[in-house]
1. The stretch 82-130 to the stretch 1-72: how many Å between their Cα centroids?
2. In degrees, nearest 10, range 0 to 90: what is the angle between the Cα axis of helix 75-87 and the longest Cα principal axis of the chain?
3. Please report the antiparallel percentage of DSSP beta bridges with both residues in the chain, rounded to the nearest 5.
4. For the chain, what percent of Cα pairs sit more than 33 Å apart?
5. Lysine pairs in the stretch 110-258 with Cα distance under 15 Å, only those 8 or more apart or on different chains: how many are there?
6. Give me the distance between the Cα centres of the stretch 252-289 and the stretch 207-251, rounded to whole Å.
7. May I ask for the angle, rounded to the nearest 10°, between helix 171-180 and the longest principal axis of the chain, with both axes built from Cα atoms and the value confined to 0 to 90°?
8. What is the percent carbon and sulfur in the accessible area of the chain, measuring with a 1.4 Å probe over the protein chains and ignoring ligands?
Amino acid sequence: MTARNIDGNALSAKVREELAQRAAELTALGVQPCLAVILVGEDPASAVYVRNKVAGCEKAGFRSLKFTYPADVAPDVVFAKIAELNADASVHGILVQLPLPKQFDADKVLEAISPEKDVDGFHAENFGLLLQGRKSFYPCTPWGVMKMLESENVQVKGAEAVVIGRSNIVGKPMAVMLLSKGATVTICHSQTKDLAFHTKRADIVVVAIGKAKFLKGDMVKPGAVVIDVGMNRDENGKLCGDVDFDSAREVAALITPVPGGVGPMTITMLLANTVESAERALNAQGESK
Ligand code: NAP
């Protein structure tokens, strides 16, 4: 069997068209969606991510604000900017690009963002709501994965799902989202004893570990859906995922490529959260009148 690719670029383009439409309607009503991005330091990968986020906003008709600080900035300066943006009614989403330099406590920074503007979905309040199955801003990467599964009509209810990686931004929320859609979920990580035992019985396997070409075809159940969240450089400096694409695609039924898979969906869902936040702001204006 050779797996079919799930095309993240094509799905992204379709979803972004719908978002641009919603943004235009909001703008016509006087509420243009606005995302504020804070970048600290000179990490080249972070600079690229921020550039893509800003470009995504502009293409969809959003307003975007970008604040950059040198790597040695005092945390208070960034906290003051977050407070200012929290108080600015024209800003609907605030994002602090991770990782942050050593002098920052990233958890404290993320929690300084108002949960109503936490369009990355990283605030503890939003994560708690997600855990309870209540409305929140969903973390963008796992939400993008759920959209990809939905677009391919993948049966999640009753499926055996294995998530490799237990980070707060990908692995854990991914597992919760699959669970809430009725999958039986196993979370694996660096201490898991026999990883292949788990992956070989998974109908859906999501890999988010940051290890180039880690999941090989012989660890995949025939006919499985393989989702590759990883973004790494291979030995030739070429972008690659956590899945050994060539061997896994010979066994799986559906697979996400890197690049062109989960990556574009992450920014798309960031835009979706920002539109949602702007819609909530508009509704709140209506209620207060
Ligand atoms: P992270 O915080 O470093 O977490 C990595 C996780 O992988 C940890 O839970 C770790 O286990 C686990 N792990 C590491 N080595 C392992 C191994 N050999 N076997 C099993 N588990 C292992 O990473 P992250 O932020 O979740 O990101 C993961 C990857 O996704 C990275 O490549 C990142 O660049 C990529 N990413 C992509 C997007 C996108 O838009 N496509 C978005 C976010 C992240 P322990 O907890 O036991 O240490």
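The values are calculated or read from the model by the stated rules, or taken from the named source; none is laboratory data. Computed from a predicted model, the values in this text were never measured in an experiment. Surface accessibility is based on the protein's heavy atoms, side chains included, excluding ligands, DNA and RNA. Shrake-Rupley method; radii C 1.70, N 1.55, O 1.52, S 1.80 Å.
1. One Cα centre to the other: 16 Å.
2. Approximately 70 degrees, to the nearest 10.
3. On the way: 2 of 31 bridges.
If I count the DSSP bridges inside the chain, around 5 percent turn out antiparallel.
4. Working: 9845 of 41616 pairs.
Summing the P(r) of the chain above 33 Å gives 24 percent of all pairs.
5. Lysine pairs meeting both conditions in the stretch 110-258 amount to 10.
6. 25 Å
7. For 171-180 against the chain, the angle is about 80 degrees.
8. Reported share for carbon and sulfur atoms: 53 percent.
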